[in-house]
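Asker: Attaching a single structure in structure tokens format; questions to follow.
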Amino acid sequence: MFLVIKFTMRELLLEIFNILYKEFGKQHWWPAETKDEIVIGAVLTQNTAWSNVERAISNLKKAGVIRLKDIVCVDESLLKELIKPAGFFNQKALYLKSIASFIEGHGGLSSLSKQDTHKLRSMLLSVKGVGKETADSILLYAFERPVFVVDAYTKRLVSRHRLSEDLSYDGIQRLFMENLPLDVGLFNEYHALIVKLAKVYCKKKPLCSGCPLERL
DNA sequence: CACCAGGAATGTA
DNA sequence: TACATTCATGGT
């Protein structure tokens with residue numbers, strides 16, 4: 001006879017979080033000095049290694065182009081040169097221009113923060129270059145709203161550990177948001193810890209050997 | 001040399 | 001709706 005231990009999805013997701021938190025500790029995300037910098041970094045890191053984003057942000061700071069209002073004003077070809085290390089610089093220069101002019105055109109982040117989360121999300125999604133993950137990253141880390149960010153690593157985690165059949169963005173986001181307390185601090189650390197896990201252990205290895213979640 | 005990185009837009013069926 | 005292609009630099 002088997003000893004069958006049934007976990008609720010809530011308990012399982014919290015257990016995964018506890019394992020990761022015990023292993024890696026607090027991650028102190030988002031790695032930026034200002035809210036404006038979070039928005040800029042969210043666009044620059046699209047399908048790009050963070051080390052390359054750091055070079056781009058370093059260039060922007062040296063050039064004095066680190067506030068969203070600076071992005072609006074700066075010459076586009078200069079902007080492309082500054083962010084070149086982050087890759088896709090033609091697209092990303094355009095994307096930065098569009099999100100910066102959108103936010104500044106609405107009175108800045110402080111004015112937009114008066115909107116409720118659902119409305120704010122749809123507004124962000126209407127901006128060229130802002131998809132679901134970028135919008136949710138901005139909502140969680142810049143606006144401090146309890147929104148779970150789903151990235152490629154999150155999908156891989158859910159897939160490998162068979163936490164859900166539905167591997168779509170919305171399906172995975174619902175999995176976390178319907179089974180966990182809607183807590184900004186929890187979602188902040190959870191997403192950051194998943195990225196940390198991937199960087200340390202699971203680059204491309206199918207079985208994650210040595211990974212702290214191996215026993216799950 | 002190939003492959004990947006904290007995606008999104010666009011086009012096709 | 002579900003895939004395929006394109007965008008581009010720097011590390012492994």
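The values are calculated or read from the model by the stated rules, or taken from the named source; none is laboratory data. Predicted, not measured: the structure shown is a model, and the values here were computed from it. So basically every Cβ, Gly included, is an ideal-geometry build from the backbone, and we count neighbours across all protein chains shown.
Asker: Looking only at residues that are outside any helix (DSSP H, G or I) and surrounded by fewer than 14 Cβ atoms within 10 Å (Cβ to Cβ) in region A:114-125, which one is farthest from DNA strand B (Cβ to nearest atom)? Before you say what the answer is, go through the steps one by one.
Answerer: Here is the first cut: in region A:114-125, the ones outside any helix (DSSP H, G or I) are A:114-116.
Keeping just the survivors that are surrounded by fewer than 14 Cβ atoms within 10 Å (Cβ to Cβ) gives A:114, A:116.
Values: A:K114: 23, A:D116: 21 Å.
Going through the qualifying residues, I end up with A:K114.
Asker: Kindly check whether there is at least one residue in region A:62-77 that is touching a residue at least 40 places away in the same chain (Cβ under 8 Å), part of a loop (DSSP other than H, G, I, E, B) and either under 27 Å from A:A192 (Cβ atoms) or within 19 Å of the chain's Cα centre (by Cα) (or both).
Answerer: No, region A:62-77 contains no residue that is touching a residue at least 40 places away in the same chain (Cβ under 8 Å), part of a loop (DSSP other than H, G, I, E, B) and either under 27 Å from A:A192 (Cβ atoms) or within 19 Å of the chain's Cα centre (by Cα) (or both).
Asker: Another one. For region A:27-45, what are the residues that are within 16 Å of DNA strand C (Cβ to nearest atom) and without any contact (Cβ under 8 Å) to a residue 40 or more places away in the chain?
Answerer: Once the filter is applied, which keeps residues that are within 16 Å of DNA strand C (Cβ to nearest atom) and without any contact (Cβ under 8 Å) to a residue 40 or more places away in the chain, region A:27-45 yields only A:G41.
Asker: Just one of (1) within 21 Å of the chain's Cα centre (by Cα); (2) surrounded by 15 or more Cβ atoms within 10 Å (Cβ to Cβ) trips up A:E104, so point out which.
Answerer: (1)
Asker: I want to confirm something. Restricting to region A:68-94 and keeping residues that are surrounded by 21 or more Cβ atoms within 10 Å (Cβ to Cβ) and not small (G, A, S), which single residue is farthest from DNA strand C (Cβ to nearest atom)?
Answerer: A:L68
Asker: Which members of region A:75-98 meet the condition of being within 15 Å of DNA strand B (Cβ to nearest atom), of a type outside the set (K, R) and under 16 Å from A:E37 (Cα atoms)?
Answerer: A:I83, A:A86, A:A93, A:Y95, A:L96, A:S98 - these are the residues of region A:75-98 that are within 15 Å of DNA strand B (Cβ to nearest atom), of a type outside the set (K, R) and under 16 Å from A:E37 (Cα atoms).
For every residue, the table says whether it meets (1) over 30 Å from A:K84 (Cβ atoms); (2) at pLDDT 95 or above; (3) buried (at least 18 other Cβ atoms within 10 Å of the Cβ).
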site: A:F2; (1), (2), (3): yes, no, no
site: A:E11; (1), (2), (3): yes, yes, no
site: A:E15; (1), (2), (3): yes, yes, no
site: A:K26; (1), (2), (3): yes, yes, no
site: A:K35; (1), (2), (3): no, yes, yes
site: A:L44; (1), (2), (3): no, yes, yes
